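One structure below.
The values are calculated or read from the model by the stated rules, or taken from the named source; none is laboratory data. For clarity, every value in this text was computed on a predicted model and none was experimentally measured. In this analysis, Cβ positions are derived from the backbone assuming ideal geometry, glycine residues included, and neighbour counts consider all displayed protein chains.
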Ligand code: NOJ
C-alpha cells in the first residue's frame, strides 16, 4: 500500500507508478534517469510539495490523486507470459477510413460499395483483415465517431445489405473484418440521449454523466479533447452533461448496468452478422474514478485537465472483463488506450486476465517532449527505443499492436523526412520495421503508397472538427492567424483523411465528383502506377507481407536486439523453429559506418538496389541467417 510516507524509490516497485512517472517524464521531455537519481529516490512523497515549491501548483493534491491511482493495483499479481498462437497475432490488418477510400456511387464520398470494388486489390496486396473506421448512422460531427444508431449503416456509406455483402465477400477471400466500436460516447442525436434530456426519471435518464453546475460554472474544470470545457449545459434538465470529445459526443455513464447491457447487445448484433473483431475507441476512458477537479499542473503538461480521473479509471478492468465474458467471447479486440503505460497495458491484455487481446500504445508516435502539433523532424531513434522495449520478453505478456499511421495522425513519412528524394526510402524503411516486428501489424490506407502530408492552402480546406476548433480557439485567444494555421497544419488529422489515390486521373480515381475533402498530389503516388512498378513502395509492402506470411519466425520468433546502444542504427534478430533473420536499418539520412555482415547471410530484401560499405541513407535490409551463426564483427 502506498502512502504519503512512501519514498520515490519504493514507488518504483509499483507497476502503475512506474508507468505514470515514465509518462510524465516523456511529456516533460526530461531525461528518464532523473527518477533513478539517489536524491530523488530517497524523497518521501510527503516531501515533494515542499521540494517542488512553487514550481508545481497544488502538488499536495497531485500526490493524493496519484496515491489513489497507484493503489488501484495494490496486490495485483503480475501477469505471466503466454505463447498461444492466434490468427490475430499473425494478421496484417489494413485500416480503411470509409469516407476516403473509394466512392462507389459517384457522390464524392467513399462508401461500402467502393470497398467491395477494391477487395481484390486488398487481397492481391496481401492483407489478411480490414479494420473499418465507423460505418454506423451518424450526423458526422466527428466523421462517424459520433454514433446515432449502432444497428444502422450511415446513409452515405450504403445499406445493411452492403455491409452484409462486404462481410461475406471478405470471408470468401479468407479475410476478416474488424469494426470500430465507439462506446465511450454516443452522438447527442442518439435516441438514448434525446430521451435522457427529455425524461430525467425515464429509462435513459441516467445513461449519460449528468451533474449540476457549481453556480454559473460547470461541475468541474475538465477540458475536452476538442477544445473548451468538457461540459455542456442543458436548460431543460438544468444540468450539464460530460463530453470528453465534442459537444455532440456525450459520454455514456458506464456505472449504469443498463448501459453495459446495451453495449453487450450491440456487440452481439454485429457478431451475429459475422464480424470477427472490434477496435474499441477511447476504451480506457469509460470508467471515471471521480468527477473531482483535474489538477492544472498535470493538465498543463498533458494539455487536458482532468485526465488523471479517467485515463485508467478504477472500474476499467471490471468493465472489460464483463464485456469479454458476456459479449466478445473469442472475437478479436484491440483497445485504443491513449496514455496508458506498458505495465497498465500488461494488465489490460495479458491472456490470463481475459480483458483485451492487444492495445494501441502511442508512445512511439512523437519524440520526447513533443506533441502532434509541434513542428519538428521526427528522430527514428525514438521508434527504435520504443520497439526495443515492447518486442522482447514484454511481448510474451502483452502482445503489441504495431503501427505508425492511422486516421488520427499526419503521415509518418512526412514527419520523418519531408524531402521528396527520401520519400521512397523512408516509406520502405518503415515497411521493413513493421513487417519484421513482433506484434499484430496495422497498416493505414495509403501507407502502402508512401503517402505524404497534403499541402492544404488555408483553414477553409480543413474538415476535421479538431483542426477547426483548435484554429478557432487559437485565433480567439490572440494567436495570429498565420501562427494558428501553421500549428493546425502540422498536426491536422486531415492529412491522413484525404482520398485514397488510386490513379493519376481526375480526383485521383477516387470519385468522378469533387470529393468531400481535397485530394493530395496524385502524381507523387498512386496505386495504379505503383502496382506496375516492381521497385515501388507498394511492391515493397507486398513482398514484405508475403515474406512475413511465409516465415512464422517473423511473427512469433524471439526478438533479439543487436548493438542496441549504438545510436542511429536499428539492428535485431528474429528467431524461431530453426529460422533466424537479421534486420539492419539506418535511422538517418547520412551514410553510416557499420560492420559488414559476414558468414552465411542471405539478403532477402533491401530498399537499395545494391549494398555498399556501411549503410546508405535510410537503408533497411533483411537477411536470412544460415548456420553457422553469422559473424557480425568488424572486418
Ligand atoms: C479516437 C478516434 O480514433 C478519433 O478519430 C475520434 O475523434 C475520438 N476517438 C473520439 O471518438
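Conditions (1) out of contact with any strand residue (DSSP E or B) (no Cβ under 8 Å at 6 or more places or on another chain); (2) assigned to a loop (DSSP other than H, G, I, E, B); (3) within 14 Å of the ligand (Cβ to nearest atom); (4) within 30 Å of residue 214 (Cβ to Cβ), marked per residue:
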| position | (1), (2), (3), (4) |
| --- | --- |
| 278 | no, no, yes, no |
| 319 | yes, no, no, yes |
| 322 | yes, no, no, no |
| 325 | yes, no, no, no |
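For region 219-230, enumerate the residues that are more than 16 Å from the ligand (Cβ to nearest atom) and either assigned to a loop (DSSP other than H, G, I, E, B) or surrounded by 23 or more Cβ atoms within 10 Å (Cβ to Cβ) (or both). Quick ask: steps written out before the conclusion?
Within region 219-230, the subset more than 16 Å from the ligand (Cβ to nearest atom) is 219-221, 229.
219, 220, 221, listed by residue number.
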### Task
Tell me which residues, restricted to region 339-359, are more than 26 Å from residue 272 (Cα to Cα) and in contact with a strand residue (DSSP E or B) (Cβ under 8 Å, 6 or more places away or on another chain).
340, 345
### Query
Are any residues in region 246-276 part of a strand (DSSP E or B) and out of contact with any helix residue (DSSP H, G or I) (no Cβ under 6 Å at 6 or more places or on another chain), and if so, which ones?
251
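Give region 448-483 a look and list any residue that's assigned to a helix (DSSP H, G or I), more than 16 Å from the ligand (Cβ to nearest atom) and in contact with a helix residue (DSSP H, G or I) (Cβ under 9 Å, 6 or more places away or on another chain), or say none.
Applying the first criterion (assigned to a helix (DSSP H, G or I)) to region 448-483 yields 448-449, 459-461, 465-476, 481-483.
Narrowing further to those that are more than 16 Å from the ligand (Cβ to nearest atom): 448-449, 459-461, 471-476, 481-483.
Across region 448-483, the qualifying residues are 448, 449, 459, 461, 471, 472, 473, 474, 475, 481, 483.
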### Message
Taking the condition of being outside any loop (DSSP other than H, G, I, E, B) and touching a residue at least 40 places away in the same chain (Cβ under 8 Å), how many residues in region 548-557 meet it?
### Response
5
### Message
Suppose the filter is surrounded by 15 or more Cβ atoms within 10 Å (Cβ to Cβ) and modelled with pLDDT under 85; does residue 61 pass it?
### Response
yes
### Query
For the subset of region 176-191 comprising residues that are more than 15 Å from the ligand (Cβ to nearest atom) and buried (at least 19 other Cβ atoms within 10 Å of the Cβ), which member is farthest from the chain's Cα centre (by Cα)?
176
### Task
Confirm whether residue 235 is surrounded by fewer than 16 Cβ atoms within 10 Å (Cβ to Cβ) and away from the ligand (no atom under 16 Å from the Cβ).
yes
### Task
Could you tell me whether any residue of region 102-114 is in contact with a strand residue (DSSP E or B) (Cβ under 8 Å, 6 or more places away or on another chain), farther than 25 Å from residue 543 by Cα, in a strand (DSSP E or B) and away from the ligand (no atom under 15 Å from the Cβ)?
no
### Query
For region 400-408, does any single residue satisfy the condition of being within 26 Å of residue 144 (Cα to Cα) and outside any loop (DSSP other than H, G, I, E, B)?
yes
### Query
What number of residues within region 342-373 satisfy the criterion of being closer than 18 Å to residue 408 by Cβ and touching a helix residue (DSSP H, G or I) at 6+ places or on another chain (Cβ under 7 Å)?
8
### Residues (more than 27 Å from the chain's Cα centre (by Cα), surrounded by 14 or more Cβ atoms within 10 Å (Cβ to Cβ), assigned to a loop (DSSP other than H, G, I, E, B) and modelled with pLDDT of 95 or more) located in region 567-612
591, 608
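Table: residues versus (1) without any contact (Cβ under 8 Å) to a residue 40 or more places away in the chain; (2) under 30 Å from residue 171 (Cβ atoms).
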residue	(1), (2)
227	no, no
248	no, no
270	no, yes
293	no, no
298	no, no
312	no, no
317	yes, no
### Query
When residue 512 is evaluated against the numbered criteria (1) assigned to a loop (DSSP other than H, G, I, E, B); (2) more than 16 Å from the ligand (Cβ to nearest atom); (3) surrounded by 15 or more Cβ atoms within 10 Å (Cβ to Cβ), which criterion, by number, is the only one it fails?
(3)
### Query
Does residue 150 satisfy the criteria of being within 16 Å of the ligand (Cβ to nearest atom), at pLDDT 95 or above and either in contact with a helix residue (DSSP H, G or I) (Cβ under 7 Å, 6 or more places away or on another chain) or part of a helix (DSSP H, G or I) (or both)?
yes
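Quick grid of which residues meet (1) part of a loop (DSSP other than H, G, I, E, B); (2) touching a residue at least 60 places away in the same chain (Cβ under 8 Å); (3) within 16 Å of the ligand (Cβ to nearest atom):
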| site | (1), (2), (3) |
| --- | --- |
| 305 | yes, yes, no |
| 330 | yes, no, no |
| 340 | yes, yes, yes |
| 355 | yes, no, no |
| 384 | no, yes, no |
| 395 | no, yes, no |
#### Entry: All positions within region 128-147 that are in a loop (DSSP other than H, G, I, E, B) and surrounded by fewer than 23 Cβ atoms within 10 Å (Cβ to Cβ)
128, 139, 140, 141, 142, 143
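It is to be established whether one or more residues within region 391-407 are closer than 14 Å to residue 617 by Cα, in contact with a helix residue (DSSP H, G or I) (Cβ under 6 Å, 6 or more places away or on another chain) and crowded, with 21+ Cβ neighbours inside 10 Å. Reasoning before the result, please.
Of region 391-407, the ones closer than 14 Å to residue 617 by Cα are none.
The answer is no, given that none of the residues of region 391-407 is closer than 14 Å to residue 617 by Cα, in contact with a helix residue (DSSP H, G or I) (Cβ under 6 Å, 6 or more places away or on another chain) and crowded, with 21+ Cβ neighbours inside 10 Å.
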